[in-house]
């Protein structure tokens with residue numbers, strides 16, 4: 001652990017993982033095998049706020065479709081502050097296999113890598129759904145067949161309608177282990193002022209799995225396309241107006257997917273490819289801060305780790 005990099009070779013337990021003033025932290029995950037203990041895994045009991053991350057696959061890492069790797073397990077309440085490996089739902093190819101990144105995996109606030117079938121990436125089958133309010137037909141991603149109220153093990157099994165599906169798992173009080181089965185629920189679309197769970201960014205798959213002791217948790221999503229985001233600036237998360245360029249901000253609350261919170265605590269537009277940067281969060285969606293400028297990310301290897309990005 002040094003030079004701003006955290007490198008768990010198998011399992012590393014920490015409390016708070018946040019950047020010091022003007023000092024950015026990067027999480028490097030080594031993928032040496034598919035079994036627990038053969039790939040990097042960070043367990044955090046407090047806040048997690050990272051500026052970037054890298055995946056280092058070995059030649060012997062051969063993931064299979066459907067496998068899920070939890071690389072950050074957050075045992076405390078609350079979401080991880082930054083999408084340090086790219087926006088929710090980003091797909092990156094590792095040793096020929098596509099891995100989808102999620103920050104709401106596990107019990108709802110873990111970072112997971114899910115191995116996708118190579119013939120299904122970017123090919124979303126759709127199902128036509130009749131809106132009961134006006135009879136309009138909506139083509140939505142087909143995420144499963146289990147209707148609301150049915151038993152589930154993961155959110156992908158639940159049927160999305162006009163709202164994303166959630167596989168909700170209720171734990172008995174004092175129990176930390178996530179139950180194997182839960183119940184399919186639909187995450188409501190929030191309005192300004194509504195209590196919320198997280199923000200749904202355009203182009204992302206917003207269904208999630210969630211484990212909690214609360215029998216009636218808030219599952220509401222705030223949609224950026226509605227001009228809202230899930231703000232954590234108060235005593236509880238609520239849907240609030242999406243910040244504009246120049247608005248005040250805090251690192252914990254953020255500025256939405258198109259802006260970032262600068263060191264002077266104001267919202268600034270994320271930069272396009274080729275523009276100078278100091279940290280991952282300064283770059284637009286799909287880009288990373290590579291050698292001081294925004295560029296398309298690539299899977300880390302010995303060459304890039306040594307500072308050679310050419």
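The values are calculated or read from the model by the stated rules, or taken from the named source; none is laboratory data. For clarity, every value in this text was computed on a predicted model and none was experimentally measured. Because the Cβ atoms are built from the backbone with ideal geometry, glycine has one as well, and the counts that use them run over all protein chains shown.
Total residues in the stretch 42-51 satisfying the condition of being surrounded by 15 or more Cβ atoms within 10 Å (Cβ to Cβ) and modelled with pLDDT under 80: the figure is 5.
Taking the conditions (1) in contact (Cβ under 8 Å) with a residue 60 or more places away in the chain; (2) buried (at least 17 other Cβ atoms within 10 Å of the Cβ); (3) over 21 Å from the mean Cα position of the chain (by Cα) in turn, residue 146 satisfies each one other than (1). Look through the stretch 270-291, keep the residues that are in contact (Cβ under 8 Å) with a residue 40 or more places away in the chain and part of a loop (DSSP other than H, G, I, E, B), and return whichever of them is nearest to residue 245 (Cα to Cα). Ranking the qualifying residues of the stretch 270-291, first place goes to 285. Residues that are under 16 Å from the mean Cα position of the chain (by Cα) and either part of a strand (DSSP E or B) or surrounded by fewer than 21 Cβ atoms within 10 Å (Cβ to Cβ) (or both): does the stretch 175-187 have at least one? Scanning the stretch 175-187, I find no residue that is under 16 Å from the mean Cα position of the chain (by Cα) and either part of a strand (DSSP E or B) or surrounded by fewer than 21 Cβ atoms within 10 Å (Cβ to Cβ) (or both), so the answer is no. When 294, 267, 255 are screened for being part of a loop (DSSP other than H, G, I, E, B), modelled with pLDDT of 80 or more and surrounded by 15 or more Cβ atoms within 10 Å (Cβ to Cβ), only 255 passes. A residue that is part of a strand (DSSP E or B), modelled with pLDDT under 50 and more than 30 Å from residue 77 (Cβ to Cβ) occurs nowhere in the stretch 141-154. Looking across the stretch 144-166, just one residue is in contact with a helix residue (DSSP H, G or I) (Cβ under 8 Å, 6 or more places away or on another chain) and closer than 16 Å to residue 66 by Cα, and that is 144. Could you check, for the stretch 52-65, whether at least one of its residues is outside any strand (DSSP E or B) and either modelled with pLDDT under 75 or under 27 Å from residue 175 (Cα atoms) (or both)? Checked against the condition, which is being outside any strand (DSSP E or B) and either modelled with pLDDT under 75 or under 27 Å from residue 175 (Cα atoms) (or both), the stretch 52-65 yields no hits at all.
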